[in-house]
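Visitor: Before we start, here is the structure in question, set down as C-alpha cells.
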Amino acid sequence: MASSPFFSRRKPRLLVVTPNKGHLALLARRLGEEGYAIAAAADGAGALGELHRAAVDLVLAELVMTPMSGPELTRAIRGHAAFANLPIMLLAGRAEPAPAVRAYAAGADDVMLKPFHFELLVARVERRLGAARQLADKEALDARAALKAIEIGELKDRMVRLEAERWRVGA
C-alpha cells in the first residue's frame with residue numbers, strides 16, 4: 001500500500017456488503033451522515049467487483065451471506081496483493097463465539113456482534129482506518145528509505161570507480 005490511493009485527502013470510502021437491502025440502506029445513510037463515502041454490494045462477487053472499480057478504504061460486510069460468506073470474501077480479498085492490508089470488518093448476528101473465530105481465522109480485522117450501538121461501529125471503523133493510515137505511511141517511508149539506500153550504493157560504486165581511475169592515471 002505504499003503511496004496508495006488509500007487515505008488521500010478525500011473522504012474515506014467504505015464498502016458495505018450485505019444482502020439485506022434495509023440494513024444496507026440504514027448503514028449507508030448513517031455512515032454517510034458521519035462523513036464517509038459509501039459503496040455498496042449485495043454479495044461477495046459484487047464486493048470484489050467494486051474493489052477493482054474504485055479505491056476502498058475499509059470493507060464492512062455481513063458474516064453470513066450466500067453464496068460467498070464473509071470469511072470467504074475476506075480470504076478472497078486477502079488473496080489479492082493490492083488489498084492485503086485493506087481493513088475488513090465483519091458483522092455477525094450471533095452472540096456465540098464460533099462465527100467470530102471463523103472470521104478472524106479468515107483474516108478479518110474486526111468482528112462486531114449485532115445488535116450494536118452505531119457509535120461503537122463508527123469508533124471501530126475510525127480505529128481501523130487510523131491503523132491502516134499508519135501502515136500506509138510506514139510502507140511509504142520504508143520505500144523512500146530503500147530508494148535512498150540504492151542511491152547511496154550507486155554513489156559508493158561510482159566513488160570506487162573514480163578512485164580506481166585516479167590511481168590508474170596517477171600511477
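The values are calculated or read from the model by the stated rules, or taken from the named source; none is laboratory data. Remember, predicted model here, so these are calculated numbers, not experimental data. Cβ sites come from the backbone with ideal geometry, for glycine too, and all protein chains shown count toward neighbours. The accessibility values were calculated without ligands, DNA or RNA, using every heavy atom of the protein model including side chains. Shrake-Rupley method; radii C 1.70, N 1.55, O 1.52, S 1.80 Å.
Visitor: Look at the stretch 26-47 and say how many of its residues are assigned to a helix (DSSP H, G or I) and open to solvent by 60 Å² or more (accessible area, probe 1.4 Å). Full working, then the answer.
Guide: Just the residues of the stretch 26-47 that are assigned to a helix (DSSP H, G or I), to begin with: 26-33, 44-47.
Applying the additional criterion that residues be open to solvent by 60 Å² or more (accessible area, probe 1.4 Å) yields 26, 29-30, 33, 45.
Number satisfying all stated conditions: 5.
Visitor: While we're on this one: Pairs only if they're at least six apart or on different chains, beta carbon under 9 angstrom, first in the stretch 16-31 and in contact (Cβ under 8 Å) with a residue 60 or more places away in the chain, second open to solvent by 40 Å² or more (accessible area, probe 1.4 Å) and not in a loop (DSSP other than H, G, I, E, B); list them, first residue then second.
Guide: Every condition considered, the pairs that remain are 18/40; 31/38.
Visitor: So, one more: Among the residues that make up the stretch 75-88, is at least one of them open to solvent by less than 30 Å² (accessible area, probe 1.4 Å), out of contact with any Asp or Glu (no Cβ under 6 Å at 6 or more places or on another chain) and assigned to a loop (DSSP other than H, G, I, E, B)?
Guide: Taking every residue of the stretch 75-88 in turn, at least one turns out to be open to solvent by less than 30 Å² (accessible area, probe 1.4 Å), out of contact with any Asp or Glu (no Cβ under 6 Å at 6 or more places or on another chain) and assigned to a loop (DSSP other than H, G, I, E, B).
Visitor: Take the residues in the stretch 52-64 that are surrounded by fewer than 22 Cβ atoms within 10 Å (Cβ to Cβ) and touching a residue at least 24 places away in the same chain (Cβ under 8 Å); name whichever of them is farthest from the chain's Cα centre (by Cα).
Guide: In the first step, residues of the stretch 52-64 are kept if they are surrounded by fewer than 22 Cβ atoms within 10 Å (Cβ to Cβ); the result is 52-55, 64.
Among the residues that remain, those that are also touching a residue at least 24 places away in the same chain (Cβ under 8 Å) are: 54-55, 64.
Values: 54: 13, 55: 10, 64: 21 Å.
This residue is 64.
Visitor: Go through the stretch 50-75 residue by residue and tally those that are small (Gly, Ala, Ser) and modelled with pLDDT of 95 or more. I'd like the intermediate steps shown before the answer.
Guide: Within the stretch 50-75, the subset small (Gly, Ala, Ser) is 54-55, 61, 69-70.
Retained after the next criterion (residues that are modelled with pLDDT of 95 or more): 61.
Of the residues in the stretch 50-75, 1 are small (Gly, Ala, Ser) and modelled with pLDDT of 95 or more.
Visitor: Under the condition of being modelled with pLDDT of 90 or more and among the aromatic types (Phe, Trp, Tyr), which residue from the stretch 89-122 is least open to solvent (accessible area, probe 1.4 Å)?
Guide: 118
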